[in-house]
Each structure stands twice: as structure tokens, then as C-alpha cells.
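Any read-out appearing in this document is the output of simple, stated calculations on the displayed coordinates, not a laboratory observation. A quick note: this is a predicted structure, and the numbers were derived from the prediction, not measured. Here the Cβ positions follow ideal geometry from the backbone for every residue, glycine too, while neighbour counts run over all protein chains shown.
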Amino acid sequence: MVTTQHFSHMVYFTLKDNSASAQQALVQACQEYLSDHEGTVYFSAGVRAQADRPVNDQEFDVALNLVFESREAHDRYQDAPRHHEFIEKNKDGWAKVRVFDADISG
């Protein structure tokens, strides 16, 4: 079996205003500024699911999941003007941001 090495970038945002409209606005901003970057294999953004399970982390409002074809593709994304614009336009609404990066295969 042939496996491909990818780079996973997961970001979990806790918002200062966690109203449904603020959450949806951030999801839309993710879609506008963070999707379709060169080297992206997978993109998704959405609000935290209402899961009543003790193992679920409840300390975030919006999740962003990206998979890149390589660490280098991720690094180019980090330097991309649209990524920087996303941060500048949205950072004031963030109470907390957690980033989880991983080398993955699939």
C-alpha cells in the first residue's frame, strides 16, 4: 500500500462574541480567505457541534481544518496575503485561538 505524507493544520477559535451570527461570520471569512490556496488537499470550516459527550472539547466556537500536500505548501499558505488579510480582519473578535499541526498519511 502506498501512503502519501500530508500536513494537517487545525485551528479552533473561541470568540469574544459567540453568537450564532458572529460564528457564521467567521465561518464565511474562513471560506473567503482561507480556501483554495495552492497545495490545499482539503478545506473545511464550521461551528462546534452540539455533542453531549464528556469527551468533546466545548471550549471553541469555530473550527478550521486544512490538509496540505506538504509542509512546504502549508508554509506558503502561512505567508499568503489572503491569510494575513483574514487575520487582520478577524483577530479582534478572537478570545482564544488554538492551533494543532500534524504530519499525517493517508
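What value, in deg cm²/dmol to 500, does the helix sum -39500 (n - 2.57) over DSSP H runs of n ≥ 4 give at 222 nm once divided by the residues of the chain? Could you put the intermediate results ahead of the total?
Numbers: 3 runs with 34 residues, N = 106.
Taken over the chain, the calculation gives -10000 deg cm²/dmol.
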Enumerate the calculated ³J(HN,Hα) couplings along segment 46-51 in order (Karplus 6.51 cos²θ - 1.76 cosθ + 1.60, θ = phi - 60°), each rounded to whole Hz, writing x wherever the residue is Gly or Pro.
x, 8, 4, 6, 7, 9
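Taking 20 °C and 1.002 mPa s as the conditions, I'd like the Stokes-Einstein D for the chain in µm²/s, using the Kirkwood hydrodynamic radius from alpha carbon pairs. Walk me through the intermediate numbers first.
Numbers: Rh = 14.5 Å.
For these conditions, the coefficient is 147 µm²/s.
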From zero up to wherever the largest Cα-Cα distance of segment 44-106 sits, split into 5 Å bins and tell me the percent of pairs in each.
3, 12, 19, 24, 19, 13, 7, 2
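Which order results if Thr14, Thr4 are arranged by neighbouring Cβ count within 10 Å, fewest first?
Thr4, Thr14
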